[in-house]
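Trainee: Pasting a structure below so you can have a look.
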Amino acid sequence: MDLDDLRSRYGERFDETVARAILADEGSMPLTGIPDYLGMRFTDVGPGWCVCEVDLRPELLNPAGVVHGAVVASLIDHTLGTTVIPLIPMGSWPATLEFKLNYLAPAREGRLSAHGEVRTLTARTAVVAVECVNQDRTVAVALGTIAITPPRAVAAAPAS
């Protein structure tokens, strides 16, 4: 799928303010936990796509010098949900239901980039494809299903 096609399909739903917050790596959407430890950063976000990257430090490699599969899976999982965040109503939350991951080649050093693209989007679910590239080589592909939890209504405080 090309970016113009994604823009035409999802441009009206795209929230530029949310995309800028994702790209800022701080403020309203800071990274925590595993994404923070791995050093994930978003380098591009648009209507129906995003790119997330990790620099492959020595502690992320196994003794053979290959990135651990859990690093790839974590990058994909984080990219799956974030790809849909600028497209869903404010206050909604994307949660990964499942993804199928194919490891195609070893990632060894340098940068690992995950390119996410929305394939379908409804009010309750999204299907997102992710391709991981290392040194200009596709090293993994995944297809995942995201549940979209709508915003919860905030109960009004009882009148006194």
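A short reminder: the numbers here are calculations on the coordinates, not readings from a lab. These numbers come from a predicted model, not from an experiment. Glycine also receives a Cβ, built like all others from the backbone with ideal geometry; neighbour counts cover every protein chain displayed.
Trainee: May I ask you to compute the full-extension gain from residue 57 to residue 36, defined as 0.36 nm times their residue separation minus their alpha-carbon distance, rounded to one decimal in nm?
Mentor: This chain segment gains 6.2 nm when fully extended.
Trainee: Please identify every one of the GluC sites (Glu not before Pro) in region 84-152 that sits in a loop by DSSP and has no more than 14 other beta carbons within 10 Å of its own beta carbon.
Mentor: none
Trainee: Going toward the positive end of the dipole of the chain, with +1 on Lys and Arg Cβ and -1 on Asp and Glu Cβ, which of 54, 18, 97 do you reach last?
Mentor: The residue sitting farthest along the positive end of the dipole is 97.
Trainee: Could you run the Karplus curve 6.51 cos²θ - 1.76 cosθ + 1.60 with θ = phi - 60° over region 59-69 and give me ³J(HN,Hα) per residue in whole Hz, x for Gly and Pro?
Mentor: Values, residue by residue: 6, 9, 9, 7, x, 7, x, 10, 4, 5, x Hz.
Trainee: Here is a further query. Which value at 222 nm does the chain reach when only helices count, each DSSP H run of 4 or more adding -39,500 (n - 2.57), with the total divided by all residues and rounded to the nearest 500 deg cm²/dmol?
Mentor: -7000 deg cm²/dmol
Trainee: Follow-up. In terms of modelled amide H atoms, which long-range or inter-chain residues lie less than 5 Å from the amide H of residue 93?
Mentor: The list, which skips near neighbours in sequence, is 149.
Trainee: Each label point is 7 Å from the Cα along the Cα-to-Cβ direction; what then is the distance between the points at residue 96 and residue 20, in nm?
Mentor: In this crude spin-label approximation the distance works out to 3.0 nm.
Trainee: Remind me, what semi-axes does the chain give for its equivalent ellipsoid, largest first in whole Å, using sqrt of 5 times each Cα gyration tensor eigenvalue?
Mentor: 29, 18, 14
Trainee: Here is a follow-up. Looking at region 82-160, which trypsin sites (Lys or Arg not before Pro) are DSSP coil and have at most 13 other C-beta atoms within 10 Å of their C-beta?
Mentor: 124, 152
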